[in-house]
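Just passing along the structure, written as structure tokens.
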Amino acid sequence: MMFSTARAALAGSSLLAATMALSACATQPGELPAAAGPVAPAPAPALMPLPSSVAFPGGALPLPGGFVVSWSRPPSAMLRAAAGRFLGRADALAGRVMPVADRPADPASAPVPLRIEAGQDAGWLTTRAKEDYRLEVGPGGVTLTADGPDGVVHGLATLAQLIGRDENGPKIDFATIADHPRFAWRGIMIDTSRHFVSVETIKRQIDAMEMLKLNVLHLHLSDGTGFRVESRVLPELTAKGSHGQYYTQRQIRDLVAYAADRGIRVVPEFDVPGHALALLLAHPELAAQSPVDPEPKNKNTAALDPTLPATLRLVRRLYGEMGRLFPDAYFHSGGDEVDPGEWMKNPKIAAWMKDHGYATPQALQAAFTAQVQKILAGQGKIMVGWDEVSEAAIPSDVVVDVWRSSKFIASATEGRHPVIVSAGYYLDLLQPAGQHYLVDPYDPAANGITRAQADRMLQKGARPDLVAAFLKEPAPPPLTEQQKSYVLGGEAPLWAELVTDEMLDARIWPRAAAIAERFWSPAAVRDVDDMYRRLAVVNSELQITGLQGEANRWRMAARLSPGTVDPVMVLASATVPLRNYNMNRYVGRHGHRLDEIGEVASPDPAQAQRFSILVARYVAGDHSVAPALRRQLAVWRDNDAAFAPVAHVRGLSEALVTSSHLAVIARAGLKALDGRRILSAPEKEIFDQEDAAINGSADVSGTSAGATLPPAGLMIAVEPAVRRLLAP
């Protein structure tokens, strides 16, 4: 379970604290209703991504009978399937879950008419797809008009989000919506190499992507840990490099078709020349360093020898076969994190570089990248590479996937390269949705490390070239309009060092929904509080319609504490796992286990978000929320007595200290509500310990790598909010 040194040290942004705001959320174990008060007007439907233009004139249609669909022209099989999925989701959201034959006949339960007018689009499933749609919901029913099939899929996703309930049962709100995406490339990247992910789990993510208008699934399919696709041309790759876990070609074709049916393109990544251990187990003769160690300390370091003609022959054969399996025009060839020592410590490679005029490893990689680009172009593909490929001159057709620092958005677009932005959206950093939400794909200064962090890294002996790549200061100037034209969009990557199949749903969602809004909605849509309000509802809809994130978190907690899950879930409701790869360090120091409460805890717990916004209201003078704050603090205070008896197993016992600290912090919050804001010395020590953990975990530079990590890899997320209650 090794993880990438550079990513472990550096990826992400340097906000010290996440915005934690939520005005309404689903009930979780231990949560009590908010303080009673006047009945507020019903909130607007929780649409996400927020449409380009939306109006709610008031009123709604009752929905006891569901929908009946009609078409302006005969629909394709893809559109019929999309309508069928919508009807199933609508039934689930409206509570119409009985078999049709068992539903009571009721003349008043006539279905709502849904008329779909769909245009044709030769650019379907490309970056040129017509994705606009218009939606009208009124007394006469629903009209959905779209320029192409992608627009129909997106319009149905929005229509499902208009379904709600009131005292009369299910309903659909009147609305007038005109919508189009801001960016053409809106993706999620799933690493299936480090932890293999089942086809069923990937399909659940595709279904959720459809509902959030994400349209690219980037699959990272080869790395040091495993090669994950059956090759009939090079069968030794899976025989020696997959550990028996890989997708058959039939499964890949089925997965690609499943995604296409939902308007989602699948872009494969087979990483060269670095991250090549799985390839080299089958072809050790192509290794930059011999002999090949099958179990190195860092499985990401091994690299191909780019000076060997046989290396390019392997790439040509592999990419040719995989390109036929994945018909999308784009093909990701990796190109990241090539350790210069892999090449420079090989005398033959060093001599070859000198003879051919390559002064640096970057120049050698650029030459290799150019050759790979020619291979892919000859196979009808457009090459995508991580931003390392842009450090030297490469063909302008290469798409640069920016990950180390947002400044590469500026340099790549200056070189007229198409750009995909991943920097700022790394889900495996375990940062909250509000932090990702404020990163804009057009902002070349949004993400990276500060000069102070860089200086600390250099003092600790970090490689200067690595530090320079992640440094975001001085900030580049804003992009010109021409540079913006090269930004295709963005992706939210999830690297899987600490993500099992069981954990995947909860590690992607609901945070990816907030990122989806950043990729789709106008740039001015940046209200974090309102985003969290809508995100809570959207997460419930995702769970109702098929995701298993919340169910799996409960299952994992139940495995740790059979029959007494609530104490575990209550502790998880107030805590978050360590962020910015500090959790990787914790897991590495504790046997690489992924069956503890740290895996149950959410990076963005709704309980803590709700509590924080109530605290903000309280300190702003709204003391009507005090009863709700008291009830929640009492739950957290009392949970320690319930948690201690069940925390006698590995995976929970490590969190006894955290549980005790939470009780102390909750008691202090209750006293603060009574006007007693002075902490005792032991209380202050606990607050300071938890505060230091939060601040230390926010440092993405990696300079805290040797620091003591909190018990169980958990931080008390509500500590900053309680500290606000204590302020004079």
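The values are calculated or read from the model by the stated rules, or taken from the named source; none is laboratory data. Predicted model, so just to flag it, every value in this text is computed and none were measured. Counting neighbours? That spans all protein chains shown, and the Cβs are built from the backbone with ideal geometry, glycine included. Protein only, heavy atoms only, side chains kept; ligands, DNA and RNA dropped before computing areas. Shrake-Rupley method; radii C 1.70, N 1.55, O 1.52, S 1.80 Å.
Return the only residue of Asp254, Asp261, Asp293 being without any contact (Cβ under 8 Å) to a residue 24 or more places away in the chain, open to solvent by 20 Å² or more (accessible area, probe 1.4 Å) and either acidic (Asp, Glu) or in contact with a Ser or Thr (Cβ under 6 Å, 6 or more places away or on another chain) (or both).
So the residue among Asp254, Asp261, Asp293 that is without any contact (Cβ under 8 Å) to a residue 24 or more places away in the chain, open to solvent by 20 Å² or more (accessible area, probe 1.4 Å) and either acidic (Asp, Glu) or in contact with a Ser or Thr (Cβ under 6 Å, 6 or more places away or on another chain) (or both) is Asp293.
Sticking with this one: Could you tell me whether Gly169 is small (Gly, Ala, Ser) and on the phi > 0 side of the Ramachandran plot?
yes
Sticking with this one: Search region 148-172 for residues being at pLDDT below 95 and out of contact with any helix residue (DSSP H, G or I) (no Cβ under 9 Å at 6 or more places or on another chain), and hand back the single one that is least open to solvent (accessible area, probe 1.4 Å).
Asp166
For residues in region 226-247 being assigned to a loop (DSSP other than H, G, I, E, B) and either at pLDDT below 95 or open to solvent by 50 Å² or more (accessible area, probe 1.4 Å) (or both), which is farthest from Ala260 (Cα to Cα)?
Checked region 226-247; the qualifying residue farthest from Ala260 (Cα to Cα) is His243.
Given the conditions (1) crowded, with 24+ Cβ neighbours inside 10 Å; (2) in contact with a Lys or Arg (Cβ under 8 Å, 6 or more places away or on another chain), which single one is not true for Pro522?
Condition (1) is where Pro522 drops out.
Going through region 297-332 one residue at a time, which ones are in contact with a Lys or Arg (Cβ under 9 Å, 6 or more places away or on another chain), part of a loop (DSSP other than H, G, I, E, B) and among the small types (Gly, Ala, Ser)?
Within region 297-332, just Ala329 meets the criteria.
Same structure, new question: State whether one or more residues within region 117-135 are open to solvent by less than 30 Å² (accessible area, probe 1.4 Å), modelled with pLDDT of 95 or more, under 20 Å from Lys213 (Cα atoms) and assigned to a loop (DSSP other than H, G, I, E, B).
yes
Kindly list the number of the only condition in (1) out of contact with any Phe, Trp or Tyr (no Cβ under 8 Å at 6 or more places or on another chain); (2) closer than 26 Å to Leu219 by Cβ; (3) in a helix (DSSP H, G or I); (4) not β-branched (Val, Ile, Thr) that fails for Gln431.
(3)
Select from region 202-250 the residues that are within 22 Å of Leu318 (Cβ to Cβ) and among the acidic types (Asp, Glu) and write down the one among them that is farthest from the chain's Cα centre (by Cα).
Glu236
Continuing with the same structure: The conditions are (1) assigned to a helix (DSSP H, G or I); (2) crowded, with 24+ Cβ neighbours inside 10 Å, and Asp604 fails exactly one of them. Which is it?
If we test Asp604 against (1) assigned to a helix (DSSP H, G or I); (2) crowded, with 24+ Cβ neighbours inside 10 Å, just (1) comes out false.
Next up: So Arg593 fits all but one of (1) within 27 Å of Gly696 (Cα to Cα); (2) assigned to a helix (DSSP H, G or I); (3) basic (Lys, Arg); what number is the exception?
Evaluating Arg593 over (1) within 27 Å of Gly696 (Cα to Cα); (2) assigned to a helix (DSSP H, G or I); (3) basic (Lys, Arg) leaves (2) as the failure.
Find the residue count for region 415-428, including only residues that are open to solvent by less than 10 Å² (accessible area, probe 1.4 Å) and either among the charged types (D, E, K, R) or in a strand (DSSP E or B) (or both).
3
From Ala445, Ala462, grab the single residue that is assigned to a loop (DSSP other than H, G, I, E, B) and farther than 30 Å from Gly341 by Cβ.
Going through Ala445, Ala462 in turn, just one is assigned to a loop (DSSP other than H, G, I, E, B) and farther than 30 Å from Gly341 by Cβ: Ala445.
For region 633-728, list the helices (runs of 4 or more DSSP H) that sit wholly inside it and hold at least 3 residues that are free of Cβ contacts under 8 Å to residues at least 12 places away in the same chain; which are they?
Passing ranges, in order: 681-697.
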